[in-house]
1. Points 7 angstrom from Cα along the Cβ direction at A:Leu576 and A:Glu556: gap in nanometres?
2. Compute the angle between helix A:532-544 and the longest alpha-carbon principal axis of chain A, please, reported from 0 to 90 degrees and rounded to the nearest 10.
3. Would you pull out the residues with amide H under 5 Å of A:Ala236's amide H, same chain only if 5 or more places away, H placed 1.01 Å from N?
4. Can you tell me the length gained on complete extension of the stretch A:Asn544 to A:Met46, counting 0.36 nm per residue apart and subtracting the Cα distance?
5. Round to the nearest 0.05 the FRET efficiency obtained for A:Asn346 and B:Asn89 when R0 = 41 Å and r is the Cβ-Cβ distance.
6. Give the residue list of trypsin sites (Lys or Arg not before Pro) in region A:474-577 that are DSSP loop and have at most 16 other beta-carbon atoms within 10 angstrom.
7. Below 8 Å, C-alpha to C-alpha, sequence gap of six or more: please give me the relative contact order for chain A in percent.
8. Between B:Arg152 and A:Lys531, with labels modelled 7 Å along Cα→Cβ, what's the label distance in nm to one decimal, could you check?
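Readers should treat all values here as calculations from the given coordinates under stated rules, not as data from a laboratory. Everything quoted here is computed from the prediction, not taken from an experiment. Every residue, glycine as well, gets a Cβ built from its backbone with ideal geometry; the counts of neighbours run over all protein chains shown.
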Amino acid sequence: MKIKTKKKSMTNHDNSIRISGAEAVIRCLLEEGADLVYGYPGGAIMPIYDELYKYQDKLHHVLTRHEQGAAHSAQGFARTSGKVGVAMATSGPGATNLVTGIADAQIDSTPMVCITGQVASHLLGSDAFQETDIIGISTPVTKWNYQITKAIEIPEIMAKAFYIARTGRPGPVLIDITKDAQFDSLDFSYKKCTGIRSYTPTAKLCNKSIEEALELINQAKKPFVVWGQGVILGNAESELKTFLEKSGIPAAWTILGLSALPTNHPMNRGMVGMHGNYAPNILTNECDLLIAIGMRFDDRVTGDLNTYAKQAKIIHLELDPAEVNKNVVVDVALISDCKISLQELNKKIKTKVYPNWIKCFDDLDKIEYEKVIKYDLHPKKEGLTMGESIEMINKYSKNDAIIVTDVGQHQMVACRYAKFSQTKSNVTSGGLGTMGFALPAAIGAKMGAPRREVVAVIGDGGYQMTIQELGTIFQQQIAVKIVVLNNDFLGMVRQWQQLFFDKRYASTEMVNPDFVTIAKGFRIKAKRVEKRDELETAISEMINSKEPYFLEICVEKEDNVFPMIPSGASVSDIRLE
Amino acid sequence: MKNITYTISVYAENNVGLLNRISAIFLKRHINLESFSTSASEIPDVFRFVIVVNTDADRVRKIVQQIEKQVDVIKAFYHTDEETIFQENALYKVKSSSLFEERHIQNIIKSSHATIVTVSPEFFVIELTGFREETEQLRKDLTPYGLLQFVRSGRISVTKAKMGISEILNKFKNTK
Ligand SMILES: Cc1ncc(C[n+]2csc(CCOP(=O)(O)OP(=O)(O)O)c2C)c(N)n1
Ligand SMILES: [Mg+2]
């Protein structure tokens, strides 16, 4: 047997200290400024949890009720704080339960580090208890992953993990640590990662393309900007605002770009895509120049690519070279951080106005208002609408809440009607469309921005996918406001069944439990609203509550979300009814 | 767009997990690999993957963009056959008796420029390096004489143009 000569926590000559791998993990987190982690313990990660116990005054661990909840909470935290979210789980089922959240973070470019315990290295490959190949499983849905089998690897790999998660196009990184590596000791010293030779986070902007872009902008008569989450991830909100104000170009957002520019900004013309606004979708196919900023031409945005903005020249401001010319072939690509590209454009952009072109937006907005918005926000019928519920939330949160949405009709309605004054205020699962995202993401969102009002808007279906996180909310006393827009249906799927499957409502009707009783069972204040005249008081009470609060709003069962671009159709074939 | 043969060259850190990552990129897009080989490269600690696919220009460009995006990949390139020098290597195991009984087989070996690697009382092994058609022709020619085993390597190739990997790595070193 090897005899340990150095005692724990003894400082060595090179300023390193002898500590366990598990303690090293905690110290690495603290070095990276991560003082909050979400997770769930189990056999293979117990040494790390033991250290969490010792470090509890420095590092706050939130015990979620399911590892998926830990991953989504870490995502919510990252999205509102701009920092890297951290989630932890044990090996086997703990690790596989994280996978949905990791996939969601990958497709929505959310910086996250996941730490999983793994069976001891001598057991790897033996189908040991709770052994799963989480590296193999997570490879296609992580930006990077690595299995640590020796304690000595921990500082360098953890530093790399945070660097990779945060830089360039952000994304999830998974670090799997065998149990023996957690127990073994190492001489610990920490150095932050500042570069990896095989990895270029941000390309250097090419000056020639800036000139080419400016030339196209100067020539354009009907230019149009579509921005995405790249603006938020790149902290380029003020550059975008300056660009739009100087250039006079009307702009619309993808669902993940929402809140980068205040709702009431005159250049903000709404949302593009499947349930986006009428004007920006129609005019995508009429503009003569499309300037795409930090967005990736997702199919929910473009509809049929063969008819998407074919008449227009296209400029693409994009950080990730693999996104350039992937779905849409562009005329000029500005490959760099969009903050830098916008700064360069802003130096030389001419001040202009496009009154006739802007009027095209105004005219189409009027049509959408008359055909859709009026009925959503000021309904004449008896049943409550999702739209008026969101409008009431706007009123009492003074257009300044962080809105966390799940997936479905309520998500589209919330994104269409919620009003924002600040950036990083819209948290939703865009690329993956993960039902069950909102409740745990709201926990993270609130902890990432504790002074902000956080309202989670959730469907009755998705709510039941992660409803157990009410336990986390109560235990941690996280003052999130939870609104379930209950239509007793998997509404979005029902809408498609109505429109495209002759109303064959296969397995979309829900016989729901008493949500108020459930919330109360979790010892959370709760209320149900069924009638219009109760709505205002209920929402005001909810927003004014200092504690977590649950509000069920029973809405019209078979309402549809319009406008809508049927899947595979052209953006200009957007339907209003 | 027309499908043709492309050789993808990847310079990467020696990392087992990367193999999985790269193959996932092809799997996702239902692109069959014609061949795949990995080896050391001209630079210490840098691995080289040579992947051969049959696809069109647009798809190969997107695949290479995805490969290059991987953190552990230093650089990825793709080339047409005209832009590379490439070879494959094949081994043929034949019954020894046929070597002595069939005079014709000696002519086949001679004219194909194959070399005899080993001879034992039971079998002999010959090796041929060349283009696919050449190793394939020899396989056909030997089949009637009792081919006990046949195996062909993946394509290995070098490009006519410069790769500039050392420059990339030096640049990184100097900015550090
Ligand atoms: C995990 C998961 N499973 C299935 C789906 C498919 N899906 C998309 S929207 C939706 C219905 C959501 O119903 P609900 O949560 O009640 O929201 P509503 O549309 O009624 O507002 C379903 C089933 C999904 N997006 N995610
Ligand atoms: Mg519903």
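1. With each label point 7 Å from Cα toward Cβ, the separation is 1.6 nm.
2. In chain A, helix A:532-544 runs at an angle near 40 degrees to the longest axis.
3. Here the answer is none, since no amide H 5 or more places off falls under 5 Å of that of A:Ala236.
4. Extra length available between A:Asn544 and A:Met46 comes to 175.2 nm.
5. E between A:Asn346 and B:Asn89, to the nearest 0.05, is 0.10.
6. Sites meeting the loop and neighbour criteria: A:Lys503, A:Arg504, A:Arg523, A:Lys531, A:Lys546, A:Lys557.
7. Computed over chain A, the figure is 14 percent.
8. 8.1 nm
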